[in-house]
Amino acid sequence: MAFPGSEAKIAEDGEVLIKGPHVMRGYHNLDVESASTLTDEGWLHTGDEGRLDEDGFLFITGRKKELFKTSGGKYVAPPHIEGMFKGISALTSQIVVHGNERNFCSALITLDPDGIASGPRLTGWPASRTPRSSTRPRSTARAEPDRRLNSKINRWETIKKFAILDHDLSIESGEITPSMKVKRNVVEANNKAILDSFYA
C-alpha cells in the first residue's frame, strides 16, 4: 500500500506498519528501544491494529495492546467487534469480548434500560429472546442475537457464547474508567466463573 512518499502494510499479527522519509531512523543513543520500534527494513511499529481493503484504504480497528490471541493462534481485536455489535443492538449498553488463549470468542453483555423499555422491535434481538428485565441474568449456548454480527467478521472472531449480566458496568465497581473506558482485566476477573463456564 503506497501513500504519497510513504508505505503502509499489515503485519502478521494485525499491526499497522509504516515506512517512508517522514519515519524516524531510531531513538538517539537508545539502540534497544530503536530495535523494538523499527524493523531491520525500516518499518515503524505503530501500535495500531488495522486492515487494508481491496481499494488500498487503511482502516484502524484498535490498538495492538487490545489484541488477544486465541488458542488456535488467531489474533482478535475486541474493540472492533464490540463497536460493530453496539451498532446493531440498541439494547446493548456494554459488551466485552473475551477469548485470550481460548478456543473461541465469548462475550459479556450489559443492557441499556432505555433500550429495554423500547421493546422487542429493536434490531439485533428477536422478540422471543428480548429480556424482560435487566436485573435477570441470562446466558445462552449460542449467540443467536449475534447472527448478523457474526456474518460480518472472520470465523475465528465470531461470538459462540455470551452472558447478559444483571448489572451495568460502572466507575464505582472499578470496571469503567472516569473517561468511560472499559477495564477488561477487571471485568474478566469479576466474572471469571461465568467466562470459565463457557469453556468447561
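Numbers below:
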{"item": "G83 modelled with pLDDT of 85 or more, closer than 20 Å to R155 by Cβ and in a helix (DSSP H, G or I)", "result": "yes"}
{"item": "Matching entry among E157, E101 (being more than 12 Å from the chain's Cα centre (by Cα), modelled with pLDDT of 70 or more and within 20 Å of V182 (Cβ to Cβ))", "result": "E101"}
{"item": "Unmet requirement for K64, which otherwise passes all of (1) under 20 Å from F104 (Cα atoms); (2) touching an Asp or Glu at 6+ places or on another chain (Cβ under 9 Å); (3) at pLDDT 85 or above", "result": "(3)"}
{"item": "Condition broken by A8, with the remaining ones in (1) aliphatic (A, V, I, L, M); (2) farther than 19 Å from N150 by Cα; (3) at pLDDT 85 or above; (4) outside any strand (DSSP E or B) satisfied", "result": "(4)"}
{"item": "Residues of the range 46-58 that turn out to be in contact with a helix residue (DSSP H, G or I) (Cβ under 9 Å, 6 or more places away or on another chain) and exposed (fewer than 14 other Cβ atoms within 10 Å of the Cβ), as a count", "result": "1"}
{"item": "Residue match in the range 16-33 (condition: surrounded by 14 or more Cβ atoms within 10 Å (Cβ to Cβ) and at pLDDT below 85)", "result": "no"}
{"item": "Extreme residue, surrounded by the fewest Cβ atoms within 10 Å (Cβ to Cβ), among residues of the range 59-73 that are touching a Phe, Trp or Tyr at 6+ places or on another chain (Cβ under 9 Å) and assigned to a strand (DSSP E or B)", "result": "K69"}
{"item": "Among (1) modelled with pLDDT of 80 or more; (2) surrounded by fewer than 20 Cβ atoms within 10 Å (Cβ to Cβ) - the single one S106 does not satisfy", "result": "(2)"}
{"item": "Residue list for the range 155-175, restricted to those being in contact (Cβ under 8 Å) with a residue 12 or more places away in the chain and either farther than 18 Å from I81 by Cβ or surrounded by fewer than 13 Cβ atoms within 10 Å (Cβ to Cβ) (or both)", "result": "D166, H167, D168, S173, G174, E175"}
{"item": "Filter result for the condition that a residue is outside any loop (DSSP other than H, G, I, E, B), more than 21 Å from N103 (Cα to Cα) and modelled with pLDDT under 80, over S128, S179, S133", "result": "S128"}
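The values are calculated or read from the model by the stated rules, or taken from the named source; none is laboratory data. Owing to the predicted nature of the structure, the values given are computational and were not obtained by experimental measurement. All Cβ positions, glycine included, derive from the backbone under ideal geometry; neighbour counts span all protein chains shown.
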